[in-house]
Structures are given as structure tokens and as C-alpha cells.
């Protein structure tokens with residue numbers, strides 16, 4: 001277990017929690033066994049759960065001095081919940097993981113080994129991943145999009161089992177972006193990042209909170225949040241289509257002179273027109289994504305609001 005409650009922890013484990021009542025007790029127990037003998041704190045962030053998760057978290061905080069429960073005012077999303085946890089950590093090394101136990105807590109010491117070796121960001125790659133085929137394909141797409149957007153190649157941005165130095169975690173929390181994607185943001189800020197392979201287990205309780213639609217939304221946030229590549233591709237596509245349009249117009253002119261007018265050619269023109277309209281709408285959508293992000297950042301509304309922090313082992317800290 002952890003050292004005395006008045007001792008500053010060396011390790012902070014941050015876990016976002018959303019409707020995970022079935023796994024919370026086991027999660028705390030397994031993390032306690034893994035970090036036995038270490039000075040650590042377990043920061044559990046309730047992201048507006050609608051089941052008994054918050055009740056269980058409060059009980060854990062009352063019974064175990066190493067547990068810190070951060071209660072958010074409502075559901076803000078996984079990455080915002082982790083950001084809220086970052087504002088409360090005290091450890092030199094910060095480790096994040098999900099509450100569903102698909103990433104086994106027994107892998108935490110391997111993350112810590114890399115952090116103690118001097119890496120300020122440690123990613124993880126899920127080997128023999130136990131997820132549905134469609135989810136794996138969408139996640140692979142997100143990984144490719146992320147690599148193309150930020151220009152730094154990492155193998156698995158979707159795995160929440162990751163490690164950060166306290167300095168990097170503080171810098172991430174300070175940026176407080178409206179739509180953050182922490183693994184990608186950490187990769188752009190890190191000076192000495194690395195990644196390791198970790199186990200990935202089948203989910204025993206509940207279901208994933210990331211639907212295919214949310215994964216696609218995440219990919220859109222990545223593209224518009226870390227790069228101008230999407231709007232540049234739309235611009236290049238527009239130039240290419242304009243050149244094709246000019247060439248096709250010249251072809252039709254020559255054909256009209258040589259062959260004469262053809263009524264059936266109207267349908268070809270309609271098909272081309274629809275293609276142009278599709279590209280135009282895509283361009284408007286991409287521009288809209290960037291404008292929406294600018295609007296969200298300019299408003300500077302809080303990314304999250306902490307309602308309460310509970311801990312037996314330290315004085316309450318407000319957000």
C-alpha cells in the first residue's frame with residue numbers, strides 16, 4: 001500500500017470513470033498490489049456517471065487514503081476527464097489507464113521503468129487486441145490520421161495506458177484545449193517519447209463508450225486540431241478538378257465542332273456537376289470544422305468543472 005498520508009506520492013495514477021461500477025473495486029485492488037511499496041496516489045475522475053460508480057468511488061476514498069476522487073459536474077468526455085485529473089496530481093510520474101481493466105494494471109511498472117529511464121512520454125501498443133473487427137479498423141484509421149496530422153509516427157494513439165512526466169502533464173493541463181486528444185498532444189510536446197507493447201484483455205463488464213460515430217468524430221478533431229492538411233487537400237482537389245473541368249470543356253468544344261451536338265451528353269454533364277457539388281460541400285464542411293474549433297477556443301468556456309474532490313489522505317483541493 002501507499003506510504004503515510006502526509007508523504008507526497010511519487011506516482012499518480014489517473015483513471016477516468018464513466019459508468020464502470022462493476023470494475024472499480026477490482027481496479028483499486030489490483031493497482032494496490034502492483035504498486036505495493038511505492039508512494040502513489042490513485043486519482044479516480046468521475047465523468048458524470050449515471051450508475052453507482054460515484055457512490056462506489058466515494059466509498060473507496062473514505063476507506064483508502066491513497067484514493068483521490070474527482071467529481072465532475074457532468075459528462076465532459078474521456079480526455080477532458082483525464083485533464084481534470086492532471087490538475088489534481090502530485091506525483092513525479094503520471095500514469096493513465098481506463099477503468100474497464102482491458103489494459104491490465106499489471107503493466108504499470110513497465111511504464112514506470114521507461115519514465116524513470118528519462119522518457120517524458122511513454123505510449124503503449126496493444127498486442128493481440130481484444131476488440132470487435134470494426135472497432136479495430138476504425139482505430140487503425142485514427143492512428144493513420146493522427147500520424148499524418150502531427151508528422152510523428154506512433155503505433156497506437158487509442159490506448160489510454162500511457163505515462164507522462166509531471167512537467168509534461170502540467171504543460172498539457174495548462175494548454176487546456178477545447179477538444180484535446182491527449183496522446184497526440186503529448187507527442188507534439190514531448191522531448192523524449194517512446195512506446196512499448198502491452199497486453200490487452202477482453203472486456204468483462206459493460207461496453208465501450210466509443211461508438212463508430214464517436215471514433216469518426218475523434219478522427220475529425222484530430223485532423224483539424226493538429227494540422228492544416230485537410231483544408232490543403234481540399235484546395236489541391238479543387239485545383240485538380242478545375243483543371244479537369246477546363247480540359248473536359250475543351251474536349252466537348254472540339255467534339256461539338258467535329259461530331260455535332262448530342263442531347264445524351266446532358267446526363268454526363270449532370271454527373272460531373274454532382275461530383276463538383278460534392279467536392280464543394282466537402283470543402284465547406286472542412287472549413288466549417290476549423291471555424292467551429294476557432295469559435296470554441298475564442299469563447300474560452302471551461303473544459304470541465306470540478307464539483308468536489310474527496311480524499312482521506314490529503315487536504316481537499318479546489319479546481
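The values are calculated or read from the model by the stated rules, or taken from the named source; none is laboratory data. The structure displayed is predicted, hence computed values, not measured ones. Note: ideal-geometry Cβ built from the backbone for every residue, glycine included; neighbour counts use all protein chains shown.
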Condition met for residue 55 (out of contact with any helix residue (DSSP H, G or I) (no Cβ under 9 Å at 6 or more places or on another chain), free of Cβ contacts under 8 Å to residues at least 40 places away in the same chain and outside any loop (DSSP other than H, G, I, E, B)): yes
Counting only residues in the stretch 189-200 that are part of a loop (DSSP other than H, G, I, E, B) and modelled with pLDDT of 85 or more, the one surrounded by the most Cβ atoms within 10 Å (Cβ to Cβ) is identified as 190
Just to be sure, is residue 287 within 30 Å of residue 181 (Cβ to Cβ), surrounded by 13 or more Cβ atoms within 10 Å (Cβ to Cβ) and modelled with pLDDT of 70 or more? yes
Is there a residue in the stretch 100-121 that is under 22 Å from residue 39 (Cα atoms), within 19 Å of the chain's Cα centre (by Cα) and part of a strand (DSSP E or B)? yes
Select, from 26, 63, the only residue that is surrounded by fewer than 19 Cβ atoms within 10 Å (Cβ to Cβ) and closer than 16 Å to residue 98 by Cβ. 26
Only one residue in 255, 301, 214 is modelled with pLDDT under 75, under 25 Å from the mean Cα position of the chain (by Cα) and part of a helix (DSSP H, G or I), so which one is that? 214
Yes or no: residue 186 part of a helix (DSSP H, G or I), more than 22 Å from residue 295 (Cα to Cα) and at pLDDT 75 or above? yes
Suppose we filter 112, 83, 101 for residues that are assigned by TED's automatic domain parsing to the domain that holds residue 163, within 24 Å of residue 313 (Cα to Cα) and touching a helix residue (DSSP H, G or I) at 6+ places or on another chain (Cβ under 9 Å); which single one remains? 83
Residue check for residue 95: in a loop (DSSP other than H, G, I, E, B), in contact (Cβ under 8 Å) with a residue 24 or more places away in the chain and in contact with a strand residue (DSSP E or B) (Cβ under 6 Å, 6 or more places away or on another chain): no
